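See structure below.
A short reminder: the numbers here are calculations on the coordinates, not readings from a lab. Predicted model, so just to flag it, every value in this text is computed and none were measured. Because the Cβ atoms are built from the backbone with ideal geometry, glycine has one as well, and the counts that use them run over all protein chains shown.
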Amino acid sequence: MGLFAKIKQGLTRTRDNVSGRMDELTQAYKELDDDFYEDLTDILIMADVGVTAAEGAVAKLRAKCEGEKIGDPAKARGILKDILAETMGSEPMRLESPMVLLVIGVNGVGKTTSIGKLAARFKTVGRKVIICAADTFRAAAADQLTVWAERANVPIVKRAEGADPASVVFDGIQAAKGNHADVLIVDTAGRLHNKAHLMEELKKISRIAARDYPEASIKALLVIDATTGQNGLTQAQVFRDVAQLDGIILTKLDGTAKGGIAIAIRQELGLPVRYIGVGEQLDDLQPFEAKEFIDAMFGE
C-alpha cells in the first residue's frame, strides 16, 4: 500500500466526518454568505481543528473569495484545503548522525510502538539505530519496548525496573558510541502528575547526553494520541513548557473522527507534526505531508 493510501485509510473516520459534512454544506448553499462561513467553522471545530485555527482558516477563505469574487461553495472547498495545507506546512525531520532522539509522552499514547516504528523507519534508510529503555518507572515498559526492538531488529539497552533513568541513558550513549550508531532513540517517563520532577528528569537526561556525547545532536519528539482530541493539545502545552520539543508524533489517527487536532497543535503551539501513526503495523508510522493529510481528511 502506498503512502497516500495508508494515510487515507488511516483517516477513514475523520474523512467520513469532515467530507460528509462538507458535501452537505456545499449542496445546501448556492452562494457564500454569513451562514455558510458559520456552518463551515462549526464543521472544522467538530473535527478538532480548534476554534483559533478554524476561525483563522475561514477568515482567510472569506477574504480570498470576496477579493476574487468567488461565490461557488465547491470552489471554496478547494481553496480551504490549500489554506489548511499551508497552515500545517510539511517539515520533514532531518536525520543527523550521531543523534540522540528523546521520545516523550504520557502513558498510553503509543510511545512504545512509535519508538519501534521509528527504529524500523530509520533502519530502512540506512541508519544504524539503538533503542534505550529509560522509562524505568512504568511496569514492564522495558519488556514491551524489547518486543518492538526485536520486530525492528535493532539492539536495545535496558536495566531493571526502577533503575535511575539517567544511568540507563549513560549506558545507551556508551553503546551508541561503541557501536558507531547513527541514532540513539531514548524512551522517557511520561508522568504529568508532577511537572517539576518530570522537568528535572528530562533536563538531567539532556545534560548527560550533552556532556558524554557532545558530538551528537539532541532532539525531542512528543507523542500525542489523536483520539484524545483537545486533551492532546493540553498535553502538548504542558510538555512544551518543560522540554525543548522539535515536533510531534500524532498516533492512532485510524481510530478517531477528529484528526484535525494536528492542525490545532500546529496553529496554536507552532509545533510541526513530524510523523503520523495510521495503523498497528511496523511501517504504519509515516512522515507527515500536509497536502496528502488534508486531501485524505477531505476524502480527495
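Quick rundown of the values:
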quantity	calculated
Farthest positive-ward along region 99-245 dipole, Cα basis, beta-carbon charges - from Leu118, Val238, Leu198	Leu118
Distant-in-sequence amide H partners of Ile218 (H built 1.01 Å from N, under 5 Å)	Val100
Approximate spin-label separation Glu38-Gln237, in nm, with each point projected 7 Å along Cα-to-Cβ	2.7
0 to 90° range, to nearest 10: angle between helix 165-178 axis and the chain longest Cα axis	80
Estimated FRET transfer efficiency (Arg159, Glu86; beta-carbon r; R0 35 Å; 0.05)	0.15
Sites Val147 and Asn179 - FRET efficiency at Förster radius 25 Å, r taken between beta-carbons, to 0.05	0.75
Cross-link table Lys158/Lys219; Lys128/Lys252; Lys117/Lys252, entries beyond 22 Å C-alpha to C-alpha	Lys128/Lys252
FRET efficiency estimate (nearest 0.05) - Cβ-Cβ, Ser217 to Val51, R0 41 angstrom	0.70
Cα gyration tensor category, rounded, prolate or oblate, for region 86-131 with a/c compared to 1.5	oblate
Protection proxy ranking of 38-49, 98-109 - average other beta-carbon atoms within 10 Å, highest first	98-109, 38-49
Val157 long-range amide H proximity, modeled H, under 5 Å	Ile131, Cys132, Ala133
Unit charges on C-beta of K, R, D, E only; dipole of the chain, Debye	1100
For region 262-300 versus region 41-108, the gap between their alpha-carbon centres in whole angstrom	11
Stretch gain in nm, segment Ala74-Gln27, where the contour uses 0.36 nm per residue and the Cα spacing is subtracted	16.1 nm
